Amino acid sequence: MRNSTHRKWTRASSLVALSVAALAATQSPAAELQDLHLNFEPRTKDERARIAGVVAAPTDFSTPQPYEELSAGAATVRARTDADAFSQPSANLSFEQELDFKVGNGLFKKIWVSSPASTLASDGLGPLYNARSCQRCHIKDGRGHTPNGPNENAISMFLRVSIPGGADYAEIEDYIATQPEPTYGGQMQDFALPGHPAEYRLDIVYEDVPVTLSDGEVVTLRKPTYTAADLGYGPLHPEAMLSPRVAPQMIGLGLLEAIPVEDLLANADPEDEDGDGISGRPNIVWAIEYGAPMIGRFGHKAGMPTIMDQSASAFAGDIGISNPLYPAAHGDCTAAQIECVDAVHGDGDDRVFEIGHEGMDLVAFYSRNLGVPARRDVDDPQVLRGKQVFHDSGCASCHTPAFVTHRMPDRSEHSFQLIWPYSNLLLHDMGEGLADNLPEGRATGREWRTPPLWGIGLTKQVSGHTQFLHDGRAQTLLEAILWHGGEAQAARDKVVAMPKPDRNALIRFLESL
């Protein structure tokens, strides 16, 4: 590999066996979970105490907390005023690492073509796909968007699909077994190469839902209904479960990956033992790279444990590109789509995979090191008031403000950083209004991962829109809050009932992140 920060593709089998055996022996979903993907130094007792003090909830809202403006610690980048605010390398990369970042960026933007082609390093697209490059979904490394009408494609949004049943991991308590839909696989692809029908067209119909606030102001929410229209390969299975997903922003992923699993589990309260109505719990998923259960961190339901797993899955499912973790050259095509499976693919040369180990390492390195912009206006009185409202309303119960990452000798750019992601990365029941009724790992059809809020105030600047939540239904930050239900119902109701100046201050605080 090009430098020591790149992924190691093998891990001692004894470590994996020990992890699985310990987990199975206790039958506890959180027992003995390890950060198998990281090489880190254990914390001392004194370090733990010092960190606990640093990340403790504030008691004084008249002034910013120390280093609060540095959202990503030493990796924080300056807050640009253009659309490239999410596309900067972490500020603490070395010169050599910046070179790897740029090469990874090139692969992230690469436009894949069909096979056979003269450009052997870029062929293998599809035959069925959602986009021709990573960048086409994560536009400017920001959020995807919903179609703006029936004539616009859903290039940064798709439907995940599954049916009940399939592999059940005994090592993971409360695991909900699902399997790909027999004809359409694990997700619906709305693009196809010539000669192959696309799988579907995403159709969305919105219903207006009015919400009246404390001062009589009415906010109109959009309640979506999704249809997989123009099915190209026959009807869906009668038990098919569909879930809309919009591509999330990409910043700070390597830092989220470096949060100690013990710190994430410390915020879990699955039985709501403290009685606050919040019962966050970890998603525990099977890590393909390590052959062991790991805590999920990435994806709308925390269904992926590492950046490598997430990236490899996206190459296979979104673009139809085979790689070391997903070696099928036909991507997400199923046995029922025989012409897709039998088509010419890009693995018929010395590459073995359409993107190999080194390419995946570089894309993962790029994805880990997209810098988080610095906070703006942290000492503004309205922002400080909004921060207090955020805490007083209970928002911080799920959107945990701060963590300190592992101390890692081979990932200095992510090592021992005080970061402010405003997420606990745990699953929470968000109520029937946001339910998609599609399980993923241990996540039920009503549970979603708490999304990080850092950078959320730059969404319009980067992505050209203000669409939030997993499916982009919320057109403002206030609408996103008003969709909260389940465990977040009490916090949502406080926002509805509070005086308008406090509500405005809360939004102003979120826009500063």
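Being in a helix (DSSP H, G or I), surrounded by 21 or more Cβ atoms within 10 Å (Cβ to Cβ), out of contact with any Pro (no Cβ under 8 Å at 6 or more places or on another chain) and not aromatic (Phe, Trp, Tyr) narrows it down to one residue among 329, 364; which is it? Spell out the reasoning first.
On the way: 329 fails: in a helix (DSSP H, G or I).
It is 364.
Filtering segment 332-347 down to residues that are assigned to a helix (DSSP H, G or I) and touching a residue at least 40 places away in the same chain (Cβ under 8 Å), which residue is farthest from residue 363 (Cα to Cα)?
For segment 332-347, the residue satisfying everything is 339.
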Heads up, the helices (runs of 4 or more DSSP H) in segment 377-486 (entirely inside) with at least 2 residues that are polar (S, T, N, Q), under 29 Å from residue 50 (Cβ atoms) and touching a residue at least 60 places away in the same chain (Cβ under 8 Å) are none
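With 70, 93, 99 as the choices, which residue is over 23 Å from residue 383 (Cβ atoms) and open to solvent by 30 Å² or more (accessible area, probe 1.4 Å)? Talk me through it step by step, then tell me what you get.
Working: 70 fails: over 23 Å from residue 383 (Cβ atoms); 93 fails: open to solvent by 30 Å² or more (accessible area, probe 1.4 Å).
Criteria check complete, one pass: 99.
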Which one is surrounded by the most Cβ atoms within 10 Å (Cβ to Cβ) among residues in segment 42-66 that are of a type in the set (A, V, I, L, M) and assigned to a helix (DSSP H, G or I)? 51
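Here is a list: 355, 307. Which entry is closer than 27 Å to residue 415 by Cβ, open to solvent by less than 20 Å² (accessible area, probe 1.4 Å), among the aliphatic types (A, V, I, L, M) and in contact with a helix residue (DSSP H, G or I) (Cβ under 7 Å, 6 or more places away or on another chain)? It would help to see each step written out before you state the result.
Values: 355 fails: closer than 27 Å to residue 415 by Cβ.
Only one candidate qualifies: 307.
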Select, from 392, 342, 379, 347, the only residue that is out of contact with any Pro (no Cβ under 9 Å at 6 or more places or on another chain) and either farther than 22 Å from residue 478 by Cα or crowded, with 23+ Cβ neighbours inside 10 Å (or both). 342
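Go through segment 180-204 and report how many residues are among the charged types (D, E, K, R), over 26 Å from residue 167 (Cβ atoms) and either in contact with a helix residue (DSSP H, G or I) (Cβ under 8 Å, 6 or more places away or on another chain) or outside any strand (DSSP E or B) (or both).
Total satisfying the criteria: 1.
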Among (1) more than 22 Å from residue 311 (Cα to Cα); (2) surrounded by fewer than 20 Cβ atoms within 10 Å (Cβ to Cβ), there is one condition residue 384 misses while meeting the rest; what is its number? (2)
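Could you list, in sequence order, all residues of segment 422-440 that are open to solvent by 10 Å² or more (accessible area, probe 1.4 Å) and not charged (D, E, K, R)? So that I can check it myself, show each step before the final result.
We begin by selecting, within segment 422-440, every residue open to solvent by 10 Å² or more (accessible area, probe 1.4 Å); these are 429-430, 432-433, 435-437, 439-440.
Listed by number, the residues that qualify are 430, 433, 435, 437, 439.
Out of curiosity, is residue 268 under 30 Å from residue 371 (Cα atoms), at pLDDT 95 or above and of a type outside the set (D, E, K, R)? It would help to see each step written out before you state the result.
Numbers: under 30 Å from residue 371 (Cα atoms): yes; at pLDDT 95 or above: yes; of a type outside the set (D, E, K, R): yes.
Yes: the conditions hold for residue 268.
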Filter result (surrounded by fewer than 22 Cβ atoms within 10 Å (Cβ to Cβ) and either at pLDDT below 95 or out of contact with any Ser or Thr (no Cβ under 9 Å at 6 or more places or on another chain) (or both)) within segment 449-470: 456, 464, 469
Count of segment 67-111 residues which are aromatic (Phe, Trp, Tyr), under 22 Å from residue 142 (Cβ atoms) and in a loop (DSSP other than H, G, I, E, B): 1
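Where residues in segment 105-146 are among the hydroxyl-bearing types (Ser, Thr, Tyr) and open to solvent by less than 10 Å² (accessible area, probe 1.4 Å), which of them is nearest to residue 326 (Cα to Cα)? Can you show your working first?
Step one: list which residues in segment 105-146 are among the hydroxyl-bearing types (Ser, Thr, Tyr), which gives 114-115, 118-119, 122, 129, 133, 146.
Next cut, open to solvent by less than 10 Å² (accessible area, probe 1.4 Å) only: 133, 146.
On the way: 133: 17, 146: 28 Å.
Only one residue tops the list, namely 133.
For residue 81, indicate whether it is more than 20 Å from residue 358 (Cβ to Cβ), open to solvent by 30 Å² or more (accessible area, probe 1.4 Å), among the β-branched types (Val, Ile, Thr) and within 26 Å of the chain's Cα centre (by Cα). Steps first, please.
Values: more than 20 Å from residue 358 (Cβ to Cβ): yes; open to solvent by 30 Å² or more (accessible area, probe 1.4 Å): yes; among the β-branched types (Val, Ile, Thr): yes; within 26 Å of the chain's Cα centre (by Cα): yes.
Yes: the conditions hold for residue 81.
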Suppose we keep only residues that are free of Cβ contacts under 8 Å to residues at least 60 places away in the same chain and part of a helix (DSSP H, G or I) within segment 112-137. Which one would you say is farthest from residue 359 (Cα to Cα)? 136
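Residues are listed down the side, and each one gets a yes or a no for (1) in contact with a Leu (Cβ under 6 Å, 6 or more places away or on another chain); (2) closer than 28 Å to residue 86 by Cβ:
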site: 144; (1), (2): no, yes
site: 149; (1), (2): no, yes
site: 153; (1), (2): no, yes
site: 164; (1), (2): no, no
site: 173; (1), (2): no, no
site: 189; (1), (2): yes, yes
site: 193; (1), (2): no, no
site: 204; (1), (2): no, yes
site: 208; (1), (2): no, no
Output the number of residues of segment 487-506 satisfying the condition of being buried (at least 18 other Cβ atoms within 10 Å of the Cβ), among the aliphatic types (A, V, I, L, M) and in a helix (DSSP H, G or I). 5
Considering 172, 163, 176, which residue is touching a strand residue (DSSP E or B) at 6+ places or on another chain (Cβ under 9 Å), of a type outside the set (Asp, Glu) and assigned to a strand (DSSP E or B)? 163
Tell me whether segment 226-237 contains one or more residues that are modelled with pLDDT of 95 or more and under 30 Å from residue 293 (Cα atoms). yes
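The values are calculated or read from the model by the stated rules, or taken from the named source; none is laboratory data. Predicted model, so just to flag it, every value in this text is computed and none were measured. Neighbour counts are summed over all protein chains in view; Cβ atoms, including those assigned to glycine, are modelled from backbone coordinates with ideal geometry. Accessible surface is based on the protein model in full, side chains and every heavy atom, while ligands, DNA and RNA are left aside. Shrake-Rupley method; radii C 1.70, N 1.55, O 1.52, S 1.80 Å.
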